[in-house]
Amino acid sequence: MKKNANENLKNKYLLIGLSVFCVLLIGLSFVNSDIVAPIKQVTGYLVTPVQKGINSFGTWLSGLTDNFEDAETLREENASLKEQVATLTEENSLLVQEHEELERLRELYDLDEQYSSYEKVGANIIAKESGNWFDIFTIDKGSNDGIEVDMNVIADGGLVGIVTEVGANWATVRSIIDDESNVSAMVSTTSDQCIIAGNLTLIDEGSLELFQLTDTENAVHVGDKVVTSYISEKYLPGILIGYISELNNDSNNLTKSGYVTPVVDFRHLQEVLVILELKDYTPSTSSESVDSTEEEVQTELTETESESETEPGSGTE
């Protein structure tokens, strides 16, 4: 206990002595600056390095704090920029989709103007059969919108197919590329009659089959336009089907066969127009000759099927 008391007493004396010394130095600095000049030099020599060290440490610590603050600010800015990029990317994607939809709708509008004499209703495709092609598909309009079986369907500047089944708010369409489809057609430049047959195998090559072309004057050429015929039972006349891509003489040397490139892109259909008008087909006294011709066509198609082991379809519309 005495030892601790002695140490405390020594510390008090030391503190008092240092205080008196400091007061003395302060007093001397007011009395005569020359007297304390050496002391100032010694003190400055000892204290200055310590001050520099403290200042350097303080500067480093302040810089480290600023770096942490800057890093946090950068992280916040980076997160904000990422969010903006995601938003802009989504908006850009929507704009691209809207632009593509607008282009398709403009094409439908142009097609509507092209066949302005017919009343039409637009429809979206909502389902299709398996496969890459739109051979059988469903649209989102039906009897509530005035659609009936056998109404013609168009898109992409030409004929898509025909309505085969109708519900209140839906309808099924069979396109002209389907194996069961046969269309009475004609060459627009000469009015020569022919049959266009669907073939899902052949459409992979981008073609439809052309049969029974009556080109007695050899006036039909590759590149000529093929449209629906006025003698067709279900298809309205003058609707563009496609363009002749190949033409050959049949073995009977009376008719010609070949291929037609359809104007419609049957792989990427999304919207269509349904013509709200049925073909007013009334068989005339000459219908027997027409029926006879169609029977000959079906006979030739059957013979062709046996030779090529393909099935172009059944029935001419």
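The values are calculated or read from the model by the stated rules, or taken from the named source; none is laboratory data. Just so we're clear, the structure is a prediction, and the values are computed from it rather than from any experiment. We place every Cβ from the backbone using ideal geometry, glycine too, and count neighbours over all the protein chains shown. In case anyone asks, the SASA skips ligands and DNA or RNA and just uses the protein heavy atoms, side chains included. Shrake-Rupley method; radii C 1.70, N 1.55, O 1.52, S 1.80 Å.
Just one of the numbered conditions (1) within 31 Å of the chain's Cα centre (by Cα); (2) of a type in the set (D, E, K, R); (3) modelled with pLDDT of 95 or more is not true of ASP265: (3).
From the set of residues in region 165-175 that are touching a helix residue (DSSP H, G or I) at 6+ places or on another chain (Cβ under 9 Å) and assigned to a strand (DSSP E or B), which is surrounded by the fewest Cβ atoms within 10 Å (Cβ to Cβ)? Applying the filter and picking the extreme gives VAL166.
Here is a check on your reading of the model: is ALA127 free of Cβ contacts under 8 Å to residues at least 12 places away in the same chain, surrounded by fewer than 23 Cβ atoms within 10 Å (Cβ to Cβ) and touching a Ser or Thr at 6+ places or on another chain (Cβ under 7 Å)?
Details: free of Cβ contacts under 8 Å to residues at least 12 places away in the same chain: yes; surrounded by fewer than 23 Cβ atoms within 10 Å (Cβ to Cβ): yes; touching a Ser or Thr at 6+ places or on another chain (Cβ under 7 Å): yes.
So ALA127 fits the description; yes.
Would it be correct to say that THR189 is at pLDDT 95 or above, in contact with a strand residue (DSSP E or B) (Cβ under 8 Å, 6 or more places away or on another chain) and not hydrophobic (A, V, I, L, M, F, W, C)? Spell out the reasoning first.
On the way: at pLDDT 95 or above: no; in contact with a strand residue (DSSP E or B) (Cβ under 8 Å, 6 or more places away or on another chain): yes; not hydrophobic (A, V, I, L, M, F, W, C): yes.
No; evaluated as a whole, the condition is false for this residue.
Evaluate the following for VAL153: is it within 24 Å of the chain's Cα centre (by Cα) and part of a strand (DSSP E or B)?
Values: within 24 Å of the chain's Cα centre (by Cα): yes; part of a strand (DSSP E or B): yes.
Against the criterion (within 24 Å of the chain's Cα centre (by Cα) and part of a strand (DSSP E or B)), VAL153 qualifies.
Restricting attention to region 156-164, does a residue exist that is part of a strand (DSSP E or B), open to solvent by 40 Å² or more (accessible area, probe 1.4 Å) and in contact with a Ser or Thr (Cβ under 9 Å, 6 or more places away or on another chain)? The answer is yes; a qualifying residue exists. Close Cβ contacts (under 8 Å, 6 or more residues apart or on different chains) running from residues in region 214-241 that are under 16 Å from SER257 (Cβ atoms) to residues that are acidic (Asp, Glu) and outside any loop (DSSP other than H, G, I, E, B) comprise VAL222/GLU246.
Of all positions in region 221-228, at least one carries a residue that is in a strand (DSSP E or B) and surrounded by fewer than 19 Cβ atoms within 10 Å (Cβ to Cβ). The residues listed here are ASP178, ASP215; of these, the one that is part of a loop (DSSP other than H, G, I, E, B) and under 24 Å from LEU269 (Cα atoms) is ASP178.
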